[in-house]
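Participant: Take this structure first; my questions come after.
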Amino acid sequence: MENSRQEKVQKFEEFVDKRLKPDLLHAISQRDKVFEQQKIFADLRRNIENLEKNSVTSLRTLVNLGSEVYLQAEVENTQHIFVDVGFGFHVEFTWSEALNYIEKREEKIARFVKGFENYFNFQLRDLYQNGYFDIY
């Protein structure tokens with residue numbers, strides 16, 4: 001009986017080391033990317049709402065040219081903004097169009113997070129049903 005328990009413990013440890021730990025590292029990496037996207041969209045939403053609230057029609061700003069080199073720029077018309085939509089493409093939006101786009105992207109991110117949660121819940125349920133947690 002003790003031998004059977006040791007085999008189950010060893011099998012479980014192997015599964016944790018070979019499957020769950022790599023999955024966890026991948027999930028953490030994906031989570032960090034998702035959090036970064038959420039922060040970017042929240043910041044953009046907040047900036048657009050501030051522009052609308054304060055009725056800003058023009059502004060002066062610093063533009064990062066790369067390698068921490070900045071250029072002072074004047075935006076004469078803030079009614080249209082360019083939003084990075086991925087793959088190096090930027091789309092010109094009005095404020096309301098940008099807010100609609102942000103809302104859709106945030107919904108997509110939320111579905112992605114939910115899918116990840118479902119995947120890991122399925123993995124744990126599968127482990128439980130296959131007796132991996134039945135060590136004793």
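The values are calculated or read from the model by the stated rules, or taken from the named source; none is laboratory data. Since the model is a prediction, treat every value here as computed from it, not as a measurement. When we count neighbours, we look across all protein chains shown, and the Cβ atoms used for this are built from the backbone with ideal geometry, even at glycine. Only protein heavy atoms, including side chains, enter the accessible area calculation; ligands, DNA and RNA are left aside. Shrake-Rupley method; radii C 1.70, N 1.55, O 1.52, S 1.80 Å.
Participant: So which residues in region 18-47 are without any contact (Cβ under 8 Å) to a residue 40 or more places away in the chain and among the small types (Gly, Ala, Ser), if there are any at all?
Facilitator: Matches in region 18-47: SER29, ALA42.
Participant: Tell me whether region 26-42 contains one or more residues that are farther than 22 Å from ALA98 by Cα and of a type in the set (A, V, I, L, M, F, W, C). Working first, answer last.
Facilitator: Pass one, region 26-42, residues farther than 22 Å from ALA98 by Cα: 26-32.
If we keep only those that are of a type in the set (A, V, I, L, M, F, W, C) as well, we get 27-28.
So far as region 26-42 goes, yes, one or more of its residues are farther than 22 Å from ALA98 by Cα and of a type in the set (A, V, I, L, M, F, W, C).
Participant: Can you tell me how many residues within region 71-113 are farther than 16 Å from LEU44 by Cβ and surrounded by 12 or more Cβ atoms within 10 Å (Cβ to Cβ)?
Facilitator: 3
Participant: Hey, can you tell me all the residues within region 15-30 that are open to solvent by 90 Å² or more (accessible area, probe 1.4 Å) and within 15 Å of TYR119 (Cα to Cα)? Give the steps one after another, and end with the answer.
Facilitator: Filtering region 15-30 down to residues open to solvent by 90 Å² or more (accessible area, probe 1.4 Å) leaves 18-19, 21, 24-26.
If the condition is that a residue be open to solvent by 90 Å² or more (accessible area, probe 1.4 Å) and within 15 Å of TYR119 (Cα to Cα), then ARG19, LYS21, LEU24, LEU25, HIS26 are the ones that fit.
Participant: For the list (1) modelled with pLDDT of 95 or more; (2) at positive phi, I need the number of the one condition that GLU68 fails.
Facilitator: Result: GLU68 passes all but (1).
Participant: Collect the residues in region 81-120 that are without any contact (Cβ under 8 Å) to a residue 12 or more places away in the chain and in contact with a strand residue (DSSP E or B) (Cβ under 9 Å, 6 or more places away or on another chain), keeping them in residue-number order.
Facilitator: The first filter runs over region 81-120 and keeps only residues without any contact (Cβ under 8 Å) to a residue 12 or more places away in the chain, leaving 82, 84, 86-91, 96-97, 100, 103-104, 107-108, 110-111, 114-115, 117-119.
Listed by number, the residues that qualify are PHE82, ASP84, HIS90, VAL91, GLU97, ASN100.
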